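K.L.:
Below is one structure. I have some questions about it.
The values are calculated or read from the model by the stated rules, or taken from the named source; none is laboratory data. Everything numeric in this text was worked out from a predicted model, so none of it was measured. Positions of Cβ are generated from backbone atoms using ideal geometry, with glycine treated the same way; all protein chains shown enter the neighbour counts. Note: areas computed on protein heavy atoms with side chains; ligands, DNA, RNA excluded. Shrake-Rupley method; radii C 1.70, N 1.55, O 1.52, S 1.80 Å.
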Amino acid sequence: ITVWTMLAPPSSGAGSSITATSFTAGWMSSSGATNYLLDVATDNGFTDILAGYSDVVVGTARSYPVAGLSAGTRYYFRVRAQGLGGTSGYSAAFTVVTIPPAPAALPATNVLATSIYANWSASTGAASYLLDVSTNSGFTSYVSGYQNLSVGNVQTRLVSGLTAGRTYYYRVRARNSSGLASTNSE
């Protein structure tokens, strides 16, 4: 008599190749698996599974591209293994946060001889923002201390130490909780 033991669920999953609208779900193999089933949801209880991402038959691959997502949004995925021993239970829920959309640069305020307040719009899913300040619109050089300056989760920042009568440019990027940044503001 041949007896097959129950498969263990896959473990150690992570998202990779994360963009604003996609990521690749990946996981470790489960011994004896001949197929994997993937779920993707917007909640860790998997009550809001995305259309087209419920029990996706992946085959023996240990990764799968997930597309058509919203920027700056937290997603969860889980996997089950299938084989001669049946179908395993679910893996732990793995979390991925897509890259936020670029914020919009807004006009500077409180413009004085040697300082300004740089302003920008909020970006969905942003955990913090990165600020660049330059004396040229191509951003080929930066004002000292104002290149990739992490300013926290705010929409305004004092920029000081400027030279009176000079033109300055600023741009901002939104960064998610994983540290991935959007494209530059316009």
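K.L.:
Which ³J(HN,Hα) values, rounded to whole Hz and listed in residue order, are derived for the range 119-125 from phi using the Karplus coefficients 6.51, -1.76 and 1.60 in 6.51 cos²θ - 1.76 cosθ + 1.60 with θ = phi - 60°, glycine and proline given as x?
P.N.:
Working through the residues one at a time gives 10, 7, 7, 6, 10, 3, x Hz.
K.L.:
Return the distance in nm (one decimal) between the two label points of a simple spin-label model at Ser177 and Ala8, each offset 7 Å from Cα along Cα→Cβ.
P.N.:
A separation of 2.8 nm, rounded to one decimal place.
K.L.:
What is the extension gain from Ala92 to Val154, computed as 0.36 nm multiplied by their sequence separation minus the C-alpha to C-alpha distance, in nm to one decimal? Could you put the intermediate results ahead of the total?
P.N.:
Details: separation 62, 0.36 × 62 = 22.32 nm, distance 3.33 nm.
Additional length available on full extension: 19.0 nm.
K.L.:
Compute, for Asp43, the solvent-accessible surface of its heavy atoms (probe 1.4 Å) with the complete set of protein chains present, and express it in square angstrom to the nearest 10.
P.N.:
Asp43 exposes around 40 Å² with every protein chain in place.
K.L.:
Out of all DSSP beta bridges in the chain, what portion is antiparallel? Express it as a percent rounded to 5. Each step should come with its number before you reach the end.
P.N.:
On the way: 45 of 45 bridges.
Close to 100 percent.
K.L.:
Thr109 to Ser141: FRET efficiency via 1/(1 + (r/R0)^6), r the Cβ-Cβ distance, R0 22 Å, to the nearest 0.05?
P.N.:
Values: r = 24 Å, r/R0 = 1.11.
FRET efficiency, Thr109 to Ser141: 0.35.
K.L.:
Please calculate the 1.4 Å probe accessible area of Arg175, with all protein chains present, and give it to the nearest 10 Å².
P.N.:
We get 60 Å² for Arg175.
K.L.:
Quick one: check the C-alpha center-to-center distance for the range 128-186 versus the range 1-51, whole angstrom.
P.N.:
Their Cα centres are 39 Å away from one another.
K.L.:
What is the set of long-range amide H partners of Met6 at a cut-off below 5 Å, with H atoms built 1.01 Å from backbone N?
P.N.:
none
K.L.:
Ok, one more. From the residues Phe94, Gln155, Tyr36, which one has its Cα farthest along the dipole of the range 11-156 in the positive direction, the dipole being from +1 and -1 charges on Cβ of Lys/Arg and Asp/Glu about the Cα centre?
P.N.:
Farthest along the dipole direction, towards plus: Tyr36.
K.L.:
As a test of reading the structure, rank Leu158, Leu84 by solvent-accessible area (1.4 Å probe, protein chains only), most first. Please report the intermediate quantities before stating the final value.
P.N.:
Details: Leu158 70, Leu84 125 Å².
Ranked list, largest accessible area first: Leu84, Leu158.
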